[in-house]
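The values are calculated or read from the model by the stated rules, or taken from the named source; none is laboratory data. Fair warning: this is a prediction, and the values are worked out from it, not measured in the lab. In this analysis, Cβ positions are derived from the backbone assuming ideal geometry, glycine residues included, and neighbour counts consider all displayed protein chains.
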Amino acid sequence: MNTINIDCDFPGGNIVVDKIKNDFIFLHQDLRDSAGWWFYWSFRVTGTAGTTLTFIFTDGEPIGVNGPAISTDKGFTWFWLGIDSGGLQSFTYEFPADSDEVRFSFGIPYLQSNWTEFIQKHAENSLLRPGTLCISRNGRIVEYANIGNSNAKMHILLTSRHHCCEAMANYVLEGLLDSILANDTTSAQWLANNAEILAIPFVDKDGVEEGDQGKNRTPRDHGRDYIGVSNYIETAAIREIVPKWANNRQLVTIDFHCPWIRGKYNEDIYLVGSDNSQVWEEQQHFGDILEGINKGSLPYSSTNNLAYGTSWNTNSNTANGIGISSWASENIGAKLATSIEIPYSNAGGVTITPDNARGFGKYLAKALYIYLTQ
């Protein structure tokens with residue numbers, strides 16, 4: 001019998017193996033420096049060709065509504081195994097006879113390699129100007145991309161992965177940028193000529209590559225690091241660079257996130273309502289535009305936007321600090337400053353994939369065009 005090897009020694013990897021007993025693998029997600037329970041995990045299995053194994057999680061129910069994501073080509077492509085592969089706490093997989101390596105993950109990853117592929121795809125596009133925001137605490141380059149007219153009066157700040165496990169949001173961001181770089185529609189051409197976009201795909205770059213949870217990181221996570229003295233190099237760089245870049249010109253900010261693992265408010269796309277009534281009014285207006293033009297397979301309804309004071313969106317959520325949307329509206333005058341939540345695997349009954357997430361990003365770009373030209 002082959003020796004079963006389970007590891008997380010690859011970008012984004014995260015797992016702790018408790019024990020292996022016959023064909024049952026007992027394991028749990030590594031919470032590291034996150035306070036409380038969270039659900040991200042990603043691991044690789046080798047030495048299992050032709051066998052059937054059951055993976056049982058020993059810390060809660062960290063499997064999403066479409067089961068685990070799976071890759072049989074070393075992480076290049078992914079698909080959902082399905083909840084019928086087990087349930088919320090375990091799954092069973094029959095490894096093909098020619099199986100060399102299989103990866104499993106809570107969600108479909110988006111890593112440095114994905115962003116590099118995206119940038120290389122557009123390497124000859126004069127609208128794209130890649131750059132470096134800063135060097136992370138562990139020595140990695142934290143990238144940004146400028147797109148559009150550097151002399152434009154309108155600025156659009158797009159950020160993602162303040163919580164490093166929230167990977168599906170990056171596919172939406174990529175679709176938005178891809179739409180503008182294509183420069184083949186009225187909306188894309190207008191944005192390219194009349195706005196400058198600053199996109200930061202990995203605010204917590206180390207967490208992304210090292211497979212951290214990121215959410216509720218102690219003493220506070222990147223998504224709450226916009227008050228007082230920033231704990232992290234990346235957020236400090238944003239707070240220094242963005243005001244100079246915006247330079248009192250019209251500013252829109254969208255911060256891309258993924259929500260909780262499952263259930264109400266977590267299986268629909270929504271905007272997170274501001275406690276500022278004027279900003280909330282702009283969010284609702286933008287949401288109505290987005291709903292009206294969205295023709296993609298992922299549904300969006302502005303009625304799902306989470307008003308301040310509803311569910312988790314209360315004062316207690318910012319007791320340990322504020323996020324970039326609040327900072328941008330309060331400190332640099334962003335008229336529209338919002339977070340958008342992209343579920344990990346199910347949006348309104350539709351299974352989310354990288355392709356339809358990118359497709360939704362294209363409608364976000366069109367909604368920005370309409371919002372800015374009305």
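How many residues are surrounded by 21 or more Cβ atoms within 10 Å (Cβ to Cβ), at pLDDT 95 or above and not aromatic (Phe, Trp, Tyr) if we restrict to the stretch 46-64?
Residues flagged as surrounded by 21 or more Cβ atoms within 10 Å (Cβ to Cβ), at pLDDT 95 or above and not aromatic (Phe, Trp, Tyr) within the stretch 46-64 amount to 2.
Could we say that GLN89 is out of contact with any Asp or Glu (no Cβ under 6 Å at 6 or more places or on another chain) and either among the polar types (S, T, N, Q) or assigned by TED's automatic domain parsing to the domain that holds ARG249 (or both) here?
Values: out of contact with any Asp or Glu (no Cβ under 6 Å at 6 or more places or on another chain): no; either among the polar types (S, T, N, Q) or assigned by TED's automatic domain parsing to the domain that holds ARG249 (or both): yes.
Considered against the rule, which asks whether it is out of contact with any Asp or Glu (no Cβ under 6 Å at 6 or more places or on another chain) and either among the polar types (S, T, N, Q) or assigned by TED's automatic domain parsing to the domain that holds ARG249 (or both), GLN89 comes out as no.
Could you check how many residues of the stretch 233-284 are among the hydroxyl-bearing types (Ser, Thr, Tyr) and buried (at least 22 other Cβ atoms within 10 Å of the Cβ)? Lay out the reasoning, then the answer.
Initially, the stretch 233-284 is screened for residues among the hydroxyl-bearing types (Ser, Thr, Tyr), giving 235, 253, 265, 270, 274, 277.
Next, only the ones that are buried (at least 22 other Cβ atoms within 10 Å of the Cβ) stay: 235, 253, 270, 274.
Qualifying residue count for the region: 4.
Taking interchain pairs and intrachain pairs at least six residues apart, which have beta carbon atoms under 8 angstrom, with the first residue in the stretch 217-230 and within 12 Å of GLY323 (Cα to Cα) and the second modelled with pLDDT under 95 and surrounded by fewer than 17 Cβ atoms within 10 Å (Cβ to Cβ)?
Pairs found: ARG220/ASN320; ARG224/THR318; ARG224/ASN320.
Can you list residue pairs whose Cβ atoms sit under 8 Å apart, with the first residue in the stretch 280-292 being of a type in the set (A, V, I, L, M, F, W, C) and the second being part of a helix (DSSP H, G or I) and surrounded by fewer than 19 Cβ atoms within 10 Å (Cβ to Cβ)? Count only pairs 6 or more apart in sequence or on different chains.
Note: pairs meeting the criteria are PHE286/TYR371; ILE289/ILE370; ILE289/TYR371; LEU290/SER302.
Taking the stretch 233-273 on its own, how many of its residues are assigned to a loop (DSSP other than H, G, I, E, B) and not basic (Lys, Arg)?
Here is the first cut: in the stretch 233-273, the ones assigned to a loop (DSSP other than H, G, I, E, B) are 247-249, 258-268, 273.
Checking which are not basic (Lys, Arg) leaves us with 247-248, 258-261, 263, 265-268, 273.
Residues that pass the stated criteria total 12.
Among the residues in the stretch 310-324, are any within 27 Å of ALA188 (Cα to Cα) and either at pLDDT below 95 or among the polar types (S, T, N, Q) (or both)? Show your work before the answer.
Taking the stretch 310-324 first, the residues within 27 Å of ALA188 (Cα to Cα) are 324.
Add one more test, that the residue is either at pLDDT below 95 or among the polar types (S, T, N, Q) (or both), and what stays is none.
No, because not a single residue in the stretch 310-324 is within 27 Å of ALA188 (Cα to Cα) and either at pLDDT below 95 or among the polar types (S, T, N, Q) (or both).
Answer yes if at least one residue in the stretch 77-94 is assigned to a loop (DSSP other than H, G, I, E, B), without any contact (Cβ under 8 Å) to a residue 12 or more places away in the chain and touching a helix residue (DSSP H, G or I) at 6+ places or on another chain (Cβ under 9 Å), and no otherwise. If you could, list the steps in order and put the result at the bottom.
Pass one, the stretch 77-94, residues assigned to a loop (DSSP other than H, G, I, E, B): 77-78, 81-82, 87-89.
Of the ones still in play, those that are also without any contact (Cβ under 8 Å) to a residue 12 or more places away in the chain are 77.
Those still in the list that are touching a helix residue (DSSP H, G or I) at 6+ places or on another chain (Cβ under 9 Å) too: 77.
Yes - at least one qualifying residue is present in the stretch 77-94.
Which residue is surrounded by the most Cβ atoms within 10 Å (Cβ to Cβ), if the candidates are limited to the stretch 334-351 and must be under 16 Å from SER277 (Cβ atoms), more than 19 Å from the chain's Cα centre (by Cα) and not basic (Lys, Arg)?
ALA334
Quick one: GLN374 ticks every box in (1) over 30 Å from ASN231 (Cα atoms); (2) at pLDDT 95 or above bar one, so which box is it?
(2)
For SER277, indicate whether it is touching a residue at least 60 places away in the same chain (Cβ under 8 Å), out of contact with any Phe, Trp or Tyr (no Cβ under 6 Å at 6 or more places or on another chain), of a type in the set (Gly, Ala, Ser) and outside the structural domain of LEU31 (by TED's automatic domain parsing).
On the way: touching a residue at least 60 places away in the same chain (Cβ under 8 Å): no; out of contact with any Phe, Trp or Tyr (no Cβ under 6 Å at 6 or more places or on another chain): yes; of a type in the set (Gly, Ala, Ser): yes; outside the structural domain of LEU31 (by TED's automatic domain parsing): yes.
Taking the combined requirement at face value, the residue does not satisfy it.
In the stretch 5-22, which residues are loosely packed, with under 12 Cβ neighbours inside 10 Å and under 26 Å from the mean Cα position of the chain (by Cα)?
Selection gives ASP9 alone.
I'd like the full set of residues that are without any contact (Cβ under 8 Å) to a residue 60 or more places away in the chain and closer than 21 Å to ASN247 by Cα, limited to the stretch 330-374.
The answer is GLU330, and nothing else.
How about the stretch 113-163: which of its residues are crowded, with 19+ Cβ neighbours inside 10 Å, hydroxyl-bearing (Ser, Thr, Tyr) and more than 20 Å from LEU368 (Cβ to Cβ)?
Of everything in the stretch 113-163, just one residue is crowded, with 19+ Cβ neighbours inside 10 Å, hydroxyl-bearing (Ser, Thr, Tyr) and more than 20 Å from LEU368 (Cβ to Cβ), namely SER136.
Return yes or no: is GLU240 among the acidic types (Asp, Glu), free of Cβ contacts under 8 Å to residues at least 40 places away in the same chain and more than 18 Å from LEU336 (Cβ to Cβ)?
Against the criterion (among the acidic types (Asp, Glu), free of Cβ contacts under 8 Å to residues at least 40 places away in the same chain and more than 18 Å from LEU336 (Cβ to Cβ)), GLU240 qualifies.
Could you tell me how many of the residues in the stretch 27-37 are surrounded by fewer than 16 Cβ atoms within 10 Å (Cβ to Cβ) and touching a Ser or Thr at 6+ places or on another chain (Cβ under 9 Å)?
2
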